[in-house]
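Peer 1: Here's a structure for you.
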Amino acid sequence: MVLATDSPWQTIAAAALLGTERQPFQIPSISGDLGTCLSQLGNCSNESALLSAIGIVSIHQRVGWLPEVRSVTQVKSCSSDDFPRCSPRAARHLQQILEGQFPHLLSEWLEKAAIAGQRVPEMLLPSLLDKGRQQRELRSAILSVLGQRGRWLAAQNPNWNYAVALTTEADWETGTPSARLLYLQNLRSHNPDRVRELLQSTWKQETASDRAKFLEALHVGLSMADEPFLEDGLGDRSKEVRRVAVDLLASLPDSRLCHQVTKHTCRYLSLEREMPSLHVQLPDYLDETLIQFGFELKPLSSVNNKVGEKGWWLLQMLSATPLSTWTEQWQMSPQQIVKLAQSHEWQNVLLDGFALAAKRQGNHEWLEEVIRVWFTGQTSISRDVVLVDLGTEALIDALSADQRDALLIDLFQVFHRSINDSLVIWSLRSSSQPWSFDLARLVLDGLEEHLNNNKTFSNSDWELRSALKEFARFIPVSLTSEVIQLRARLANDSHWMNSMNDLIALLEFRKEISQAFETGN
């Protein structure tokens, strides 16, 4: 019996599944040339007829296919580049970095290319654009060296849409979230008011995630003109948006939020003048006004374990209170106030509150004093009692380059820490910018002294040895020859030889990058 099917191919497939032993193969009855061809298989065995029919029908179907017709989108050709390509030597360095050799130097290469006003060669654009897709922090630096061709290429691949330039306000509503964020960041640096106006025009249509990211862009050029818009953000349905709005308003000492918070904070923190000391009274509840301002009732579990719920409320108040409140009311210097906080039973709350307030308000004098307390090692500042970005690394980065280096120099000269001290190693390796010449000299002197005076390998040396390669990112390349001389004074079987080789290799590579952009070849 022939099965009822929709096509010869289905008939043949059904017969093959049943098998010719269970049911003899019957050739499909089809009109036309295909049927004539199949009818010639009548004298063949069941197996041969089935296999031949499969071949004939398969070839017939292929012959009958038409190629797929696709509409061709006309792509506008790329315009001429607006600045020159980097030298072949610099391009080789970039290729090595992109292929995985010294990957941490990519930001340095990009910075030097931007300073030199040069762009990435065409052949390396895809790899670089992929890096930007994976590492958001590199995107701004990448954009500055792509050139016209790089931006044109980015427009051809949705994965690279973060690099598609938004050149007009008309693009603001239609661009991708990544491109729109970069547009805001660039515009904010020279036209902050227009950024706020653009955000207001599309705010209700943005996702919660985009609203929070866009709001972060207001950190640049923040002013009291932003206050009404930020206060609207306090009532946002997204917790993350409210957090960003609180952080920004707390960075404006003259904001209504800061004035209102200060009234509350002064109820709980005062100075006892007879024997100068700080009097702390923890709040019994979090005032409804502060909750409306975006203050959080419940701390993270790790925070609660450190200071408790009431301590968390006070920490939030302190971090939103202008630091001038304390210096003016008490007629004391930041150093004197921080010293009193250092010896207080609520030192974690006080010092972290002062630290976050200093970071928000850009008060470097207060920041330095809090960091110095930590450097003394006489107190343990809780690193997880935070509202946002209160890690010591973030505090150090909030300082100017000169202030940061002066603090790190004091680790050696004032606090007499050795190069293998964990605090020294952590502070040095968490740098985000090259060290000053004086700081680098102290590091090298401390390293040489340690290598000469410690012949055995201690546990702390493992940490130092692993950090040496990172140190090479911050040592000025002009000191490369001195590092080489330091290695030459080591014994051939020294435990430090491999680490010193790695340090020098990275330093020499950095030096070659600098020379490539300086000489232009």
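Peer 1: Could you give each residue of segment 217-231 its phi-based ³J(HN,Hα) in whole Hz, using Karplus coefficients 6.51, -1.76, 1.60 with θ = phi - 60°, and x for Gly or Pro?
Peer 2: These are the phi-based 3J(HN,Hα) values: 4, 6, 4, 7, x, 4, 8, 5, 5, 7, 4, x, 5, 5, 5 Hz.
Peer 1: Something else: Summing -39500 (n - 2.57) over the DSSP H runs of n ≥ 4 in the chain and dividing by its residue number, what mean residue ellipticity at 222 nm do you reach, to the nearest 500 deg cm²/dmol?
Peer 2: -18000 deg cm²/dmol
Peer 1: Let me ask something else. Compute, for the chain, the length of the dipole vector about the Cα centre, with Cβ point charges of +1 (Lys, Arg) and -1 (Asp, Glu) only. Units Debye, rounded to 20.
Peer 2: Computed charge dipole of the chain: roughly 880 debye.
Peer 1: Tell me which of PRO177, PHE214, SER460 sits at the most positive position along the dipole axis of the chain, charges placed on C-beta atoms (Lys, Arg +1; Asp, Glu -1).
Peer 2: PRO177
Peer 1: Here is a further query. Averaging sequence separations of C-alpha pairs under 8 Å and six or more residues apart, then dividing by the length of the chain, give the relative contact order as a whole percent.
Peer 2: Relative contact order, the chain: 9 percent.
Peer 1: Oh, and also: Would you mind working out the magnitude of the charge dipole of segment 417-519 relative to its Cα centre, with +1 at each Lys and Arg C-beta and -1 at each Asp and Glu C-beta, to the nearest 20 Debye?
Peer 2: About 80 debye.
Peer 1: Here is a further query. Holding the Cα-Cα limit at 24 Å, pick out from LYS112/LYS213; LYS76/LYS204; LYS131/LYS469; LYS306/LYS469; LYS213/LYS263; LYS112/LYS359 the pairs that are longer than that.
Peer 2: Where the Cα-Cα span goes over 24 Å, the pairs concerned are LYS112/LYS213; LYS76/LYS204; LYS306/LYS469; LYS213/LYS263; LYS112/LYS359.
Peer 1: Ranked from highest to lowest mean number of other Cβ atoms within 10 Å per residue, what is the order of the peptides 439-450, 28-39?
Peer 2: Answer by packing, highest mean first, reads 439-450, 28-39.
Peer 1: Here are some values of mean projected area of the Cα convex hull in nm²: (1) 30.7; (2) 29.4; (3) 41.2. Which one was computed from this structure?
Peer 2: (3)
Peer 1: So how strong a dipole does segment 103-165 carry about its Cα centre when Lys and Arg Cβ are +1 and Asp and Glu Cβ are -1, to the nearest 20 debye?
Peer 2: Roughly 140 debye, rounded to the nearest 20.
Peer 1: Same structure, new question: Rounding to the nearest 10 and keeping the result within 0 to 90°, find how far the Cα-based axis of helix 46-64 lies from the longest principal axis of the chain.
Peer 2: 60 degrees
Peer 1: On to the next question. Highest mean first, what order results for 255-267, 237-249, 345-357 on Cβ atoms within 10 Å?
Peer 2: 345-357, 237-249, 255-267
Values quoted throughout were computed directly from the atomic coordinates according to the rules given, and no laboratory measurement underlies them. Nothing here was measured: the structure is a model prediction, and the numbers come from that model. Cβ sites come from the backbone with ideal geometry, for glycine too, and all protein chains shown count toward neighbours.
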